[in-house]
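*Asks:* The structure under discussion is supplied below as structure tokens; questions concerning it will follow.
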Amino acid sequence: MSARLTVLLDDDVEARFAAYCVERGFKKSTLAARLIREHLDREAEGAGPKKRTEKRSQDRA
């Protein structure tokens, strides 16, 4: 099963991402899903509960 996700990017970031995808033959949605999945996998491997709590606090500041 898959779900839709809407992401708002600054114009310059979207242009860079689109160009990157074109240059390397990726679909934007496929690459975005892969990057999110890889990031979550890395975070789950190396971060214990304390690290995650600290990170959330920093993100909110």
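The values are calculated or read from the model by the stated rules, or taken from the named source; none is laboratory data. What you see is a predicted model, and the numbers here were worked out from it, not measured in a lab. Every residue, glycine as well, gets a Cβ built from its backbone with ideal geometry; the counts of neighbours run over all protein chains shown. Note: accessible area is taken over every heavy atom of the protein model, side chains too, but ligands, DNA and RNA are not part of it. Shrake-Rupley method; radii C 1.70, N 1.55, O 1.52, S 1.80 Å.
*Asks:* Answer yes if at least one residue in region 18-39 is modelled with pLDDT of 95 or more, of a type in the set (Asp, Glu) and farther than 24 Å from Thr6 by Cβ, and no otherwise.
*Replies:* Yes, some residue in region 18-39 is modelled with pLDDT of 95 or more, of a type in the set (Asp, Glu) and farther than 24 Å from Thr6 by Cβ.
*Asks:* Now, a different point. Would you be able to tell me the number of residues in region 40-61 that are open to solvent by less than 80 Å² (accessible area, probe 1.4 Å) and modelled with pLDDT of 55 or more?
*Replies:* 5
*Asks:* Hey, can you tell me all the residues within region 1-28 that are in a helix (DSSP H, G or I), out of contact with any helix residue (DSSP H, G or I) (no Cβ under 7 Å at 6 or more places or on another chain) and open to solvent by less than 80 Å² (accessible area, probe 1.4 Å)? Walk me through it before giving the result.
*Replies:* Of all residues in region 1-28, those in a helix (DSSP H, G or I) come to 11-24, 28.
Checking the rest, the ones that are also out of contact with any helix residue (DSSP H, G or I) (no Cβ under 7 Å at 6 or more places or on another chain) come to 11-16, 19-20, 22-24.
Val13, Glu14, Ala15, Ala19, listed by residue number.
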